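**Student:** Take this structure, written in structure tokens, and hold onto it; I'll ask about it next.
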Amino acid sequence: MKSRWLQIIWKTQDTLEAWNEYLKHNDHKNKIIRQMKCIHFRTQMHELSKAFKSIWCFAKWARIKSQLSKKLSQFSSLKWSNINHMTTMFKKKIEILREKFFLSSSQANVNDIARSFISLIVSFNSRITEDEVKQTIRWVKADKASNASDISNRALQASLAELISVLTSLFNACIIHKYHSKQFKKTQTIVLRKSKKSDYINSKTYQLIALLNIMSKALKLIMIKRLSDIVETHCMLSNAQMRARRKWFMISTLNLLVDQVHTVWDCEIKYVIFMLSLDIVEAFNQVSHVRLLHTLKMKRTLSYIIEWTRSFLENRETSLIFNEQTSDMREINADISQKSFISSIFFLFFNASLIEKCKALKIKIEVLNFVNDINILVYNRFTEEICRTLSKAHDVCTKLACTHDTTFASKKYELTHFTRKSNRFNMMTSI
């Protein structure tokens, strides 16, 4: 735990002392883990040696099965989401999974975009240097999983001295022509079971892991860093928006929440705080390309990043892998994929107008945004007034949901109270 905390301090402070302190404790943690693994192995061997049958079973496993790769979990049957019908056919399962994860029904109302004023674009050097490419490729783990038809990052790192000029020229060509190569857009997606589920007949009980082209991954990381630099340099996003930002972590969200609560509590007037937590349904599948690109323009992002983003999002293809079978390459209709840094920072831009509209209400309100989780804090002396304010903020969110084609999961709504003395306030008031 201390090692993790020191890593956060190093990323926040970015000093040599913090880095050395993190390395020291991380090495100590790894040493303890190795020692405990050794003790655990010796204990198991001692227990096996007591029973004659057990030691021979272990020897048979070591001789025959220990070198074999672990088989992926097999799918049995899948159920269609709209009809109560099961299927065991591979092609039908592919259709069910594509419908769940890749089909987007984005129908955002974008009529207001034509009337909007676009600000001037900020200036920034667009050329990618060899040092950027070197740092990015070396930063990615050597044996990071990649597309099956692609070279590994270990091979790329080993031949980096010979390939650095070629890769730099290739990436600069992508920037100059505002184009993300078609080959970079092809991925292979492994379908895995989520743990601890009662049954696996619904597509919701599965998760996806995308295997990307390693050079595409390097270019994407460079663009993420550049976009992040611009965001922080020109304050494009609110400080209340977290994730995929430099020196902002999940613990930063918690620290900000605690600071806001204690600031309100320390006022001379005794306030009570209500926090309404909202969750956007299928957030990453519902992002409108037009709305996202418009928001990047309105935030005065660089034109080459906007055009590269347009190319990056278009005409993506993937194949699904499960049951030791691979489907055909098909176009992905979902707008941006989940669980990647570039998707997270894009979604923060996409969601920025919602945060700004809520704060523009000019009432005692604060908003915390961690990707697709939105937390609205309202404080007042009277709980009835707080509930009316939260209703107004919720109305703003639902109106913007129409223009962004997003939906809030009402079943996941949570209302949290923060107060030192609950008997002073009417805590039974509802929205």
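The values are calculated or read from the model by the stated rules, or taken from the named source; none is laboratory data. This one's a predicted model, so the numbers in the text were calculated from it and none came from an experiment. FYI the Cβ positions are ideal-geometry reconstructions off the backbone, even for glycines, and counts take in every protein chain you see. For accessibility, only protein heavy atoms count, side chains too; no ligands or nucleic acids. Shrake-Rupley method; radii C 1.70, N 1.55, O 1.52, S 1.80 Å.
**Student:** What residue, among those in the stretch 233-253 that are out of contact with any helix residue (DSSP H, G or I) (no Cβ under 6 Å at 6 or more places or on another chain) and either within 24 Å of I321 (Cα to Cα) or modelled with pLDDT of 80 or more (or both), is least open to solvent (accessible area, probe 1.4 Å)?
**Tutor:** Only one residue tops the list, namely M236.
**Student:** Regarding the stretch 29-47, can at least one residue be identified that is at pLDDT below 75 and either surrounded by 10 or more Cβ atoms within 10 Å (Cβ to Cβ) or aliphatic (A, V, I, L, M) (or both)? Can you show your working first?
**Tutor:** Here is the first cut: in the stretch 29-47, the residues at pLDDT below 75 are none.
No, the conditions are met nowhere in the stretch 29-47.
**Student:** Under 6 Å between Cβ atoms, which residue pairs at least 6 apart in sequence (or on different chains) link something in the stretch 383-412 that is among the polar types (S, T, N, Q) with a partner that is open to solvent by 40 Å² or more (accessible area, probe 1.4 Å)?
**Tutor:** What qualifies is T383/N426; T389/I363; S391/I431; T403/N109; T407/V281.
**Student:** Find the residue count for the stretch 287-327, including only residues that are in contact with a strand residue (DSSP E or B) (Cβ under 8 Å, 6 or more places away or on another chain) and either assigned to a loop (DSSP other than H, G, I, E, B) or not hydroxyl-bearing (S, T, Y) (or both).
**Tutor:** Total satisfying the criteria: 7.
**Student:** Of the residues T406, T429, which single one is at pLDDT below 80, open to solvent by less than 60 Å² (accessible area, probe 1.4 Å) and within 20 Å of Q241 (Cα to Cα)? Explain how you work it out, then say what you get.
**Tutor:** Numbers: T429 fails: within 20 Å of Q241 (Cα to Cα).
One residue alone meets the criteria, T406.
**Student:** Looking at the stretch 177-213 only, could you name the residues that are farther than 17 Å from R98 by Cβ, open to solvent by less than 40 Å² (accessible area, probe 1.4 Å) and at pLDDT 85 or above?
**Tutor:** The answer is H180, S181, F184.
For (1) in contact with a Ser or Thr (Cβ under 6 Å, 6 or more places away or on another chain); (2) modelled with pLDDT under 80, each residue gets a yes or a no:
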{"site": "E384", "(1), (2)": "yes, no"}
{"site": "S391", "(1), (2)": "no, no"}
{"site": "H394", "(1), (2)": "no, no"}
{"site": "A401", "(1), (2)": "no, yes"}
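**Student:** From the list T168, T136, T187, which residue is in a strand (DSSP E or B) and β-branched (V, I, T)? Before you say what the answer is, go through the steps one by one.
**Tutor:** On the way: T168 fails: in a strand (DSSP E or B); T136 fails: in a strand (DSSP E or B).
Every option except T187 fails the conditions.
**Student:** Going residue by residue through the stretch 295-311, is there one that turns out to be closer than 30 Å to S77 by Cα and either at pLDDT 85 or above or surrounded by 22 or more Cβ atoms within 10 Å (Cβ to Cβ) (or both)?
**Tutor:** no
**Student:** Regarding the stretch 276-288, can at least one residue be identified that is hydroxyl-bearing (S, T, Y) and farther than 30 Å from S391 by Cβ?
**Tutor:** No, the conditions are met nowhere in the stretch 276-288.
**Student:** Would you call D143 loosely packed, with under 10 Cβ neighbours inside 10 Å and at pLDDT below 80? Please lay out each step first, then the result.
**Tutor:** On the way: loosely packed, with under 10 Cβ neighbours inside 10 Å: yes; at pLDDT below 80: yes.
When the stated conditions are applied, D143 passes them.
**Student:** Among the residues of the stretch 374-397, count how many are open to solvent by 20 Å² or more (accessible area, probe 1.4 Å), outside any strand (DSSP E or B), under 19 Å from S353 (Cα atoms) and out of contact with any Cys (no Cβ under 8 Å at 6 or more places or on another chain).
**Tutor:** Residues that pass the stated criteria total 4.
**Student:** Can you find a residue that is within 30 Å of Q325 (Cβ to Cβ), surrounded by 18 or more Cβ atoms within 10 Å (Cβ to Cβ), under 27 Å from the mean Cα position of the chain (by Cα) and among the hydroxyl-bearing types (S, T, Y) anywhere in the stretch 130-138?
**Tutor:** no
**Student:** Any residue in the stretch 85-97 that is of a type in the set (V, I, T) sitting within a Cβ distance under 6 Å of a residue that is part of a helix (DSSP H, G or I)? List the pairs, counting only those 6 or more apart or interchain.
**Tutor:** Here the result reads I96/S203, each pair linking the stretch 85-97 to a residue that is part of a helix (DSSP H, G or I).
**Student:** Continuing with the same structure: Has the stretch 337-348 got at least one residue that is more than 27 Å from C235 (Cβ to Cβ), assigned to a loop (DSSP other than H, G, I, E, B) and either touching a Lys or Arg at 6+ places or on another chain (Cβ under 8 Å) or at pLDDT 85 or above (or both)?
**Tutor:** No, the stretch 337-348 has no match at all.
**Student:** Same structure again: Applying the selection to the stretch 398-431, what residues are assigned to a helix (DSSP H, G or I) and not β-branched (V, I, T)? Spell out how you get there, then give the answer.
**Tutor:** Step one: of the stretch 398-431, the residues assigned to a helix (DSSP H, G or I) are 398-404, 410-412, 422-424.
Within the stretch 398-431, K399, L400, A401, C402, H404, S410, K411, K412, S422, N423, R424 qualify.
**Student:** Mind checking whether some residue in the stretch 146-153 is in contact with a Lys or Arg (Cβ under 6 Å, 6 or more places away or on another chain), in a helix (DSSP H, G or I) and of a type in the set (S, T, N, Q)?
**Tutor:** yes
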